[in-house]
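The values are calculated or read from the model by the stated rules, or taken from the named source; none is laboratory data. Quantities reported herein were computed from a predicted structural model and do not represent experimental measurements. Counting neighbours? That spans all protein chains shown, and the Cβs are built from the backbone with ideal geometry, glycine included.
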Amino acid sequence: MVHAMSQNRAVSGDLESALEKYPLRTQRKAATRLRIVNSALQLAGTHGAANVTMAMVADVAVVHVTTLFTHFASKAELFSGISEPAVVALTQRINASKGSQPFFEFVRMIQQEFATIMEERGQEMVDHSLYLRTQVELLPAWIDYEKSQVELLSQYLLHDYKISELEANLFAGMIVSANIHSFDQWLSNPDENNLRQLTRTNVDEIEKIFHRSR
């Protein structure tokens, strides 16, 4: 639940499983879109987003370029949509957990899952994340994903607690910002920093502030 570009690499399996309940045609369309997005991200990580063409994406995704344009009208639209799989996956997890798992427990679970995947992939993920952050074309996707996280988490808070929308947005924003800060700390020195511990400490402190404010 941190950066969409890194998150996409961890959610593809979740999305494919979730699609099984939909009609076959819908499954195929969604699976193709996911393959296109992940192919674009892969190419951006290898060649730089500025050097990626729609033809390259179609080739890696194994789709006809006409099919590619039915999903994304332009390269700018495609790169803006790179956060889409991560947003869909987070939405599905939240919808499945509301009412059965307390908000802060859910946040800790998602954070720890993500942190474990990042740490297990080690230097590969560090290099990948640092490189993608230099790609200006991907900036809209980063911003959209952070906004989506805040919106989704604030709705979860409103479901669990009798608080105002302003308060929900404030604390959801604090969690997203703390996640980014933890991830940045880990990226700066992955050998010394423990991402799981960093994220857990931050959410513990935010939960304390939240309950003291009520």
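Within the stretch 132-162, track down each residue that is in contact (Cβ under 8 Å) with a residue 24 or more places away in the chain, within 21 Å of Ser97 (Cβ to Cβ) and part of a helix (DSSP H, G or I). Across the stretch 132-162, the qualifying residues are Tyr145, Glu146, Ser148, Gln149, Val150, Leu152, Leu153, Gln155, Tyr156, Leu157, His159, Asp160.
Given the criteria buried (at least 18 other Cβ atoms within 10 Å of the Cβ) and touching a Leu at 6+ places or on another chain (Cβ under 9 Å), does Ala89 qualify? In short, yes.
Exactly one residue out of Ser100, Ser80 is part of a loop (DSSP other than H, G, I, E, B) and either among the hydroxyl-bearing types (Ser, Thr, Tyr) or modelled with pLDDT of 85 or more (or both): that is Ser100.
Would you say Leu152 is touching a Ser or Thr at 6+ places or on another chain (Cβ under 9 Å) and under 15 Å from Ile94 (Cα atoms)? Spelling it out, Leu152 is indeed touching a Ser or Thr at 6+ places or on another chain (Cβ under 9 Å) and under 15 Å from Ile94 (Cα atoms). The residues in the stretch 163-197 that are over 20 Å from Lys147 (Cβ atoms), touching a helix residue (DSSP H, G or I) at 6+ places or on another chain (Cβ under 7 Å), free of Cβ contacts under 8 Å to residues at least 24 places away in the same chain and assigned to a helix (DSSP H, G or I) can be counted, and the count is 1. Is it fair to say Val37 is hydrophobic (A, V, I, L, M, F, W, C), crowded, with 17+ Cβ neighbours inside 10 Å and modelled with pLDDT of 70 or more? So Val37 fits the description; yes.
A single member of Val203, Val150, Val126 is under 24 Å from Pro85 (Cβ atoms), touching a Gly at 6+ places or on another chain (Cβ under 8 Å) and crowded, with 16+ Cβ neighbours inside 10 Å, and it is Val150. Figure legend. Inter-residue proximity from the stretch 89-104: first residues farther than 18 Å from Gly173 by Cβ, second residues β-branched (Val, Ile, Thr) and surrounded by 14 or more Cβ atoms within 10 Å (Cβ to Cβ), beta-carbon distance below 8 Å, spacing 6+ or different chains. Indicated pairs: Ala89/Val11; Arg93/Ile110. Would you call Thr66 modelled with pLDDT of 90 or more, among the β-branched types (Val, Ile, Thr) and either out of contact with any Ser or Thr (no Cβ under 7 Å at 6 or more places or on another chain) or not in a helix (DSSP H, G or I) (or both)? In short, yes.
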